[in-house]
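Chemist: Shown below is the structure under consideration.
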Amino acid sequence: MNVPLLALDDGARADRADFRRAVLAGLGGVPRAIPAKYLYDARGSALFDEICELPEYYPTRTETSILRACAGEVARLAGPGCALIEFGSGSSVKTRILLDAMHDLHAYVPIDISREHLDAAAARLRNDYEGLQIDPVTGDYMQLECLPPAIDRARRIGFFPGSTIGNLTPEEAVLFLRRARRMLRADGALVLGVDLRKDPKRLHDAYNDSAGVTAQFTLNLLRRMNRELDANFDLSTCAHDAFYNEAEGRIEIYFRSLRDQIVRVADRRFVFAEGERVHTEYSYKYDEAGIAALAQKGGFSIERSWIDPARLFAVVFLK
Ligand code: AVI
């Protein structure tokens, strides 16, 4: 059922107005596209957690094993008494690997757009890491300018795992890195997880899993529009469409209309031709030279990098 705006608190109302604006602009644009961040409502976030467990989706497993192997060295490179700042911390699961290795951390600063996620994760961490100072910041790390004054004197080490940088276009990725550089200051560093270019079939399968969870994740955006924007998408008339664009080095994800149709979204009508697509995500993949070039454009250089034996994924320490 479509929940009337009046029944929502101020934050939820602003989020919904923001979603409405983005969807109407995205469906009205050429080519049609809706920003990937709207995939992550409560159900979308739960589906993404499921994706991370899929046999075809190697990034989470691989990055976790690299972090386990390199955490000691990360702690040594970071040095004593530093502050760890995580961009888009979510449930802070991978962070624990670093927290376990960084024994004399000054503070942990998780940044996330979801206040709920942040509070829950901070409460769990306070329970498990007695004495650790945790200073959560609610906000969009792509827009944030400053950090809590309590960490002013500590060396700042950023953490951006999961190859979330791959969901940004290369231009956006450079903007993110430049912003991170300013926030982490000249003596800071950034621990970054990046998915590597590889066999196209392996990449294709990771975004077209046999259980269809990634398809549900994409089509959940239609459910969200139905629920929150009074849209009337019939999910059986649209399909998940994901493929590897080798020339651009990126996975492209869309939902595709399986027939000619007219769909209501909010108070507007949109005509979809059979086969027409709406873009929902990019997932850029980099090779080592590409990571170095990106880092350099963002104001960093690679101090150390760790890659798994199958060369699927890289964790880099940028200074
Ligand atoms: C969050 N992000 C790094 C995932 C990726 O692999 O690009 C999002 C995702 N979309 C479909 N599967 C995974």
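Chemist: So which of ALA247, ALA295 is outside any loop (DSSP other than H, G, I, E, B) and at pLDDT 95 or above?
Modeler: Of the residues listed, the single one that is outside any loop (DSSP other than H, G, I, E, B) and at pLDDT 95 or above is ALA295.
For every residue, the table says whether it meets (1) in contact with a Gly (Cβ under 8 Å, 6 or more places away or on another chain); (2) surrounded by fewer than 16 Cβ atoms within 10 Å (Cβ to Cβ).
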{"position": "VAL191", "(1), (2)": "yes, no"}
{"position": "ASP199", "(1), (2)": "no, yes"}
{"position": "THR214", "(1), (2)": "no, no"}
{"position": "LEU222", "(1), (2)": "no, no"}
{"position": "ASN226", "(1), (2)": "no, no"}
{"position": "PHE233", "(1), (2)": "no, no"}
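Chemist: In addition: Return the only residue of ARG256, ARG268, ARG277, ARG250 being surrounded by 18 or more Cβ atoms within 10 Å (Cβ to Cβ) and in contact with a Gly (Cβ under 9 Å, 6 or more places away or on another chain).
Modeler: ARG250
Chemist: Next question, about the same structure. List every residue pair whose Cβ atoms lie under 6 Å apart, where the two residues are 6 or more positions apart in sequence or sit on different chains, the first residue falls within the range 196-215 and is more than 15 Å from ASP241 (Cα to Cα), and the second residue, located anywhere, is of a type in the set (Val, Ile, Thr) and part of a helix (DSSP H, G or I).
Modeler: No pair meets every condition.
Chemist: Can you name every one of the helices (runs of 4 or more DSSP H) wholly within the range 1-103 that holds 3 or more residues which are more than 28 Å from LEU125 (Cα to Cα) and touching a Phe, Trp or Tyr at 6+ places or on another chain (Cβ under 8 Å)?
Modeler: Of the helices (runs of 4 or more DSSP H) lying wholly inside the range 1-103, those with at least 3 residues that are more than 28 Å from LEU125 (Cα to Cα) and touching a Phe, Trp or Tyr at 6+ places or on another chain (Cβ under 8 Å) span 10-28.
Chemist: Now for a separate question. Just to be sure I understand the filter: pairs with C-beta atoms under 7 Å, separated by 6 or more residues or on different chains, first member in the range 27-39 and within 15 Å of GLU252 (Cα to Cα) and touching a residue at least 60 places away in the same chain (Cβ under 8 Å), second member outside any helix (DSSP H, G or I) and of a type in the set (A, V, I, L, M, F, W, C). Which pairs pass?
Modeler: Listed pairs, sorted by first residue: ARG32/VAL278; ALA33/VAL278; ILE34/VAL278.
Chemist: Find all pairs meeting these conditions: Cβ atoms under 8 angstrom apart; at least six residues apart or on different chains; first residue within the range 300-319 and free of Cβ contacts under 8 Å to residues at least 60 places away in the same chain; second residue in a strand (DSSP E or B) and aromatic (Phe, Trp, Tyr).
Modeler: From the range 300-319, the pairs are ILE302/PHE317; SER305/PHE317.
Chemist: Would it be correct to say that ARG96 is within 22 Å of the chain's Cα centre (by Cα), of a type outside the set (A, V, I, L, M) and exposed (fewer than 14 other Cβ atoms within 10 Å of the Cβ)?
Modeler: So ARG96 does not fit the description; no.
Chemist: If you don't mind, there's one more thing I want to ask. Hey, among the residues in the range 253-292 that are without any contact (Cβ under 8 Å) to a residue 12 or more places away in the chain and in a strand (DSSP E or B), which one's nearest to ASP230 (Cα to Cα)?
Modeler: Checked the range 253-292; the qualifying residue nearest to ASP230 (Cα to Cα) is ARG269.
Chemist: Six or more apart or on different chains, Cβ atoms under 7 Å: show the pairs whose first residue is in the range 48-74 and on the phi < 0 side of the Ramachandran plot and free of Cβ contacts under 8 Å to residues at least 24 places away in the same chain and whose second is of a type outside the set (Asp, Glu) and within 14 Å of the ligand (Cβ to nearest atom).
Modeler: CYS52/THR60
Chemist: Also, quick follow-up: Within the range 245-264, which residues are touching a Leu at 6+ places or on another chain (Cβ under 8 Å) and over 14 Å from LEU235 (Cα atoms)?
Modeler: Listed by number, the list holds a single entry, ILE251.
Chemist: Okay, next question. Looking at ALA206, ALA180, can you tell me which residue is of a type in the set (Gly, Ala, Ser) and either within 12 Å of the ligand (Cβ to nearest atom) or more than 20 Å from the chain's Cα centre (by Cα) (or both)?
Modeler: ALA206
The values are calculated or read from the model by the stated rules, or taken from the named source; none is laboratory data. The structure presented is a predicted model; accordingly, all values stated were derived computationally and were not measured. Here Cβ is always computed from backbone atoms with ideal geometry, including for glycine, and neighbour counts include all displayed protein chains.
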